[in-house]
Structures are given as C-alpha cells and as structure tokens.
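Structure record follows, encoded as structure tokens.
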C-alpha cells in the first residue's frame, strides 16, 4: 500500500500551480496547457519521485521546466543582466511611506514589469512562502544564488514600484 | 553588533530563514533600534504587498474538473477490474479528505492573512510618532470619541485592580472596513485591541484561544455582532486575561 497516491499529493497544489503558471505565461490558455502538461508529466514520473523529498518543489520544478521549453518560455528566459546591475548600483533612498500607499494593482503592474527571473523568485518566496531550500530546488540553483537573486529582485521591484507611484496616475 | 551588520540579515529574518539564536538577538535589537525596526517593518509590508498582489489567477472550475478527470482516467487504465469495486468508496474518501484538506488550508491562509495584517497594524502603530489619536486612560473619554467615526459602539472594561492601563485609541481599517484600535499597557508592553463589525465568512476561522503568530500572541472572539482581536508581545496568559476583561465588559 503506497503512503500517498499521486492525486492526494498533487491536487491540493492545483490552485498554486495555476497561479504560478499564469504569471509565467501571462496568458490563461497557455497557463492551462502548462498545468495540464505538468500533471501528465508528473504522473508519468511519479514512480521515480522519492517519497519523503519535497513534492511541492518537485511539481513546481516540472511546471517551470515545462514553461522554459515552451515557445513563450524560450522568449522570456534572457536574464536581464543590465537591469539587475543598474538596480544594484542605484539603490533608491528609502521611500517606505510611498510604497506603503501603493495599491494592489500598482504592485501587480510592477511585478509584471520586473525581469522574469526576478518575478518568479518573488512569487515562490512571497506568494508560495517557500523556504530558500525549496526555492533552490525549484530553480535548480544554489542557496547562495537564491539569497542574492532574491535581494536583487526585491530591489528591482522596489524601484519599479517607486517609478510607477511617481509617474501616476494609478500610483497614489 | 552594529546596525549595518543587522540590516544585512533583515531579509533572512523576515523570511524566517535566520537561525533561531540570531533571530532572537535580532528581535531584541529591533525593540531598541528605531531605524532597524522601520527597515524590518518596511520589508514585512513589502512582502505582504507582493503576497497579496501575487495571488491573482484562479483556475476555472471546468479546467479543474478536466485535470481531475484526466488523472482518474490514467489510473483506471492501469488498474485491474477489482479496483473498480474499491474505487468508488476510495474516491469518495479521497474527495472528502481533499475537500476537508482544501478547506483547512483555506482557513489557515485566511487566518494567517488576517493575523499578519493585524500584527502589522500593531507594530506600525507603536512605531509611529503618535500612536493614538485620543489619549486617555479613561474609558469614558475614549469610548465616546469613536462616536460618528465608526459605524458601531462597544463597551470597555473597568481596569481598576488589574495591571492593565488604557493608553488611548484610534480609528483603523481591516479589509476596507473601519474599526476601533485601542492600546493598553501592561508593565512595559503595549497590547492592541481591535474591534470590527463581524463578517462571519471572513473571520470564521479565527481561533478563540490565544495562538502564537510571529512571536505575538493573538486572541479573537465575536460578541454582539462585533469581532475582537487582542494582539501583543506579552505572554498568552496576559492576552487571555485582557480578553476576559473585554468579554465581560461587553
């Protein structure tokens, strides 16, 4: 008797996986295809999954890899090194008060506009509340890279958010 | 340790990734250092904003059903006929347990969201230069001050003979609805009491006995159509005794 069936483990992740897929693909139909394919692939590979290791990270990793090999995934992967560096060297002065007043839609827009690698790590950390270790597993990067990328992602989002608030009219 | 060194650790701290010994030392530092506390609060608020903004897309019911069915189909193909006999009850159990699981998960998330918002309000208020808009230890001054500012009225307890003192109050908002935020003091600690109109569905999952949340103790209950929250970094017992005073007053 197996400890848990695939459905028992996989179906509770459905909403989270869909949200993440939609953010990655920026399109509802493509998000559905991604989720469907993720479940199919995961079910097929379930026998190779080791019970006791992190199932959620495994599923997110399959979803992400599926996206990266898809057509729109290939287009989005170019890591915007320039943007990252520009952000790292021009830390804006703390304007916490302004940022606090940003409404959800403004934060969403800012999140849509940061580079894809930044967006996905922010979603995994803040929305999925994954540990650094889980994120490392999903993105297949070392823990140190998780921390530095997260740091730069937050900085990028913050400066994008400040720009949006200052330019209005959806800002304040 | 100097503030610069702490600031490097703030991200890991708010992400819950700092080793517990470091986290405890940093938490002590945050109580004493306004600059670092403001930085920490800023990060927490940013995290919360992203968490809320990021939960954006929901799958359609049809699509959910489609995936569920596709999983069922592939399982049926694999199974021998005997499985069909056990499949129905097993599916029922599975569906039920999933439904319960999803419900519990949802409740947990909901509770987590409400409580983090309240602890944020608590911390943000205490960090502000003027935490209360009506400053008085007299409940007969504080209570009428709210008249016309919020769409309900409430009773506050007599504190004589207890260790609690009333500091004052202000109008606050939770999920766009106005409420009263009262601050009480116990020894060197400030405790927040939040009162809102009860909206059953939103807050049904909230615990009636104190629970620990980000090292704050929180207790919540409803009475006479109002939802009360007590939030503070004092012990669970103290939160409970202030809650009892408030319950008895209403």
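The values are calculated or read from the model by the stated rules, or taken from the named source; none is laboratory data. Keep in mind that what you see is a predicted model, and the values were worked out from it rather than measured. Cβ coordinates were reconstructed from backbone atoms using ideal geometry, including for glycine residues, and neighbour counts include every protein chain displayed.
To keep it simple, each residue is scored yes or no on (1) more than 11 Å from every other protein chain (Cβ to nearest Cβ); (2) under 27 Å from residue A:112 (Cα atoms); (3) modelled with pLDDT under 80.
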position	(1), (2), (3)
B:4	yes, no, no
B:12	no, yes, no
B:27	yes, no, no
B:42	no, yes, no
B:64	no, yes, no
B:94	no, no, yes
B:109	no, yes, yes
*Considering only the stretch A:1-22, how many residues are over 18 Å from residue A:53 (Cα atoms), more than 7 Å from chain B (Cβ to nearest Cβ) and surrounded by 14 or more Cβ atoms within 10 Å (Cβ to Cβ)?*
4
*Selected residue [within 23 Å of residue B:130 (Cβ to Cβ) and modelled with pLDDT under 85] from B:194, B:216, B:229*: B:216
_Criterion first (crowded, with 16+ Cβ neighbours inside 10 Å and at the interface with chain A (Cβ under 8 Å from one of its Cβ atoms)) does residue B:51 satisfy it?_
yes
*asked:* Among the numbered criteria (1) in contact with a helix residue (DSSP H, G or I) (Cβ under 8 Å, 6 or more places away or on another chain); (2) at pLDDT 90 or above; (3) within 21 Å of residue A:134 (Cα to Cα), which one does residue A:8 miss?
replied: (2)
*Looking at the stretch A:91-106, which of the residues that are at the interface with another protein chain (Cβ under 10 Å from one of its Cβ atoms) and either at pLDDT 90 or above or farther than 20 Å from residue B:124 by Cα (or both) is surrounded by the fewest Cβ atoms within 10 Å (Cβ to Cβ)?*
A:105
*Can you spot a residue in the stretch B:71-82 that is at pLDDT 80 or above and over 18 Å from residue B:174 (Cα atoms)?*
yes
*Quick one: in the stretch A:23-62, of everything that is within 13 Å of chain B (Cβ to nearest Cβ) and not in a helix (DSSP H, G or I), which residue is nearest to residue A:107 (Cα to Cα)?*
A:26
